[in-house]
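Chemist: Have a look at the structure that comes next, please.
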Amino acid sequence: MNSTPATVPRYDELLRRTDAPPGSSWNVFGPGDQLGTLNFLTPRTALDGAGLVERGRVFNLDYPLNAFVPSLTGTRPPTAHYIFSNNPHHRDDWLDSFYLQSTSQVDGLRHIRHPRYGFYGGVEESDIDVGTPSLGIQLLAEKGIVGRGVLLDAVRWFDSIGEPLAPDAPRGITPSDLDAMARHFGVGFRPGDILLLHTGWARHWLNSTPEQRAARTGSPGLHQSEEMLAWLWDHQISLAASDNGGLESFPVDAGSGWVDPDEPPPPRGPSHNGMMHRPLIALLGLIIGELWKLDELAEDCAEDGVYEFLLTAKPLNLRGGVGSPPNAMAVK
């Protein structure tokens, strides 16, 4: 089993690597590692998270299946649920068209490859297939995601500085914004923390008309930059999740240097050209959460002033799965 090394290299050290892709964490956690930043979660971080529970208040962080219909990508039809019985006293059920990343989700490490370096850890493309274990979501299920969650409420912070955050407009949230939020809410960071970013986007989307959704102009989220990669890695964030559709701001920052003008658009669905997903997942091995249900938790944090809590998530134990509903809870 791989684990966190005694000394974790800083991001600027990763950029100078010659034994692996620059800016990557490949082999930092040991040869053949397939857990990435989840290695920052340890028995100690689980105990520290559990020690934060004081009131026993539980918050469900998953939206229902089919909450985001029609799908944001245009490639995921609604999930169909069926119930049957084989006698009058029995019920059973099944799902069809169950797209594992159609609602609240965790992106596993086989979700995105880097255009130059490939999948995390150098896993061969031939190993990414149905039923193969490499980088599969079952590894996250077996590891278990238990630790200290930290909520940064971008909605309330931007309100506090007189710059209200528009949920339907692009706004790149920078590392300095994250640091300012942490100071404002009186919370610090520890190795292994699970970062939750509240932007208000999901609630806005679910309350919008079809016409408003069709006119989607953008959303706030993490700004695409090397500085953001450094911030997440140097804080040893084990998982970063938000309530928007991709953790990052949308559309991407054309000036980030990551947009390839020669990359053709896909025939259908979203383009990942220029997205921070590529270095985050394929190089750093950061586990990403999207469309998490954060409004109720954010309201409670605002009421009691406590922005840290026990957080658990249990992705589906599907061998070779790309993503999964998180089955996530916060407990305060």
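The values are calculated or read from the model by the stated rules, or taken from the named source; none is laboratory data. Source: prediction; values computed, not measured. Counting neighbours? That spans all protein chains shown, and the Cβs are built from the backbone with ideal geometry, glycine included. Each accessible area value is taken on the protein alone, full model and side chains, heavy atoms only, with ligands, DNA and RNA left out. Shrake-Rupley method; radii C 1.70, N 1.55, O 1.52, S 1.80 Å.
Chemist: Restricting to the range 228-245, give me the number of residues that are open to solvent by 10 Å² or more (accessible area, probe 1.4 Å) and either in contact with a His (Cβ under 7 Å, 6 or more places away or on another chain) or assigned to a loop (DSSP other than H, G, I, E, B) (or both).
Modeler: Of the residues in the range 228-245, 3 are open to solvent by 10 Å² or more (accessible area, probe 1.4 Å) and either in contact with a His (Cβ under 7 Å, 6 or more places away or on another chain) or assigned to a loop (DSSP other than H, G, I, E, B) (or both).
Chemist: Run down Ser208, Ser271 and say which single residue is surrounded by 15 or more Cβ atoms within 10 Å (Cβ to Cβ) and either on the phi < 0 side of the Ramachandran plot or out of contact with any Lys or Arg (no Cβ under 6 Å at 6 or more places or on another chain) (or both).
Modeler: When all the criteria are applied, what remains is Ser208.
So that you can scan it fast, the table gives a plain yes or no per residue for (1) polar (S, T, N, Q); (2) farther than 29 Å from Gly305 by Cβ:
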position	(1), (2)
Phe119	no, yes
Gln138	yes, yes
Arg148	no, no
Trp157	no, no
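Yes/no matrix, rows are residues, columns are (1) in contact (Cβ under 8 Å) with a residue 40 or more places away in the chain; (2) surrounded by fewer than 21 Cβ atoms within 10 Å (Cβ to Cβ):
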{"site": "Gln138", "(1), (2)": "yes, yes"}
{"site": "Glu142", "(1), (2)": "yes, yes"}
{"site": "Ala166", "(1), (2)": "yes, yes"}
{"site": "Gly188", "(1), (2)": "no, yes"}
{"site": "Ile194", "(1), (2)": "yes, no"}
{"site": "Thr199", "(1), (2)": "yes, no"}
{"site": "Arg203", "(1), (2)": "yes, yes"}
{"site": "Ala215", "(1), (2)": "no, yes"}
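Chemist: Taking the range 280-332 on its own, how many of its residues are open to solvent by 30 Å² or more (accessible area, probe 1.4 Å) and over 15 Å from the mean Cα position of the chain (by Cα)?
Modeler: 12
Chemist: Further question on the same structure: Checking Thr18 against (1) at pLDDT 95 or above; (2) surrounded by 11 or more Cβ atoms within 10 Å (Cβ to Cβ); (3) part of a loop (DSSP other than H, G, I, E, B): exactly one of these is not met. Which one?
Modeler: Every listed condition holds for Thr18 apart from (2).
Chemist: Continuing with the same structure: Enumerate the strands (runs of 3 or more DSSP E) found wholly within the range 65-128, keeping only those where 3 or more residues are in contact (Cβ under 8 Å) with a residue 60 or more places away in the chain and open to solvent by less than 50 Å² (accessible area, probe 1.4 Å).
Modeler: Of the strands (runs of 3 or more DSSP E) lying wholly inside the range 65-128, those with at least 3 residues that are in contact (Cβ under 8 Å) with a residue 60 or more places away in the chain and open to solvent by less than 50 Å² (accessible area, probe 1.4 Å) span 105-107.
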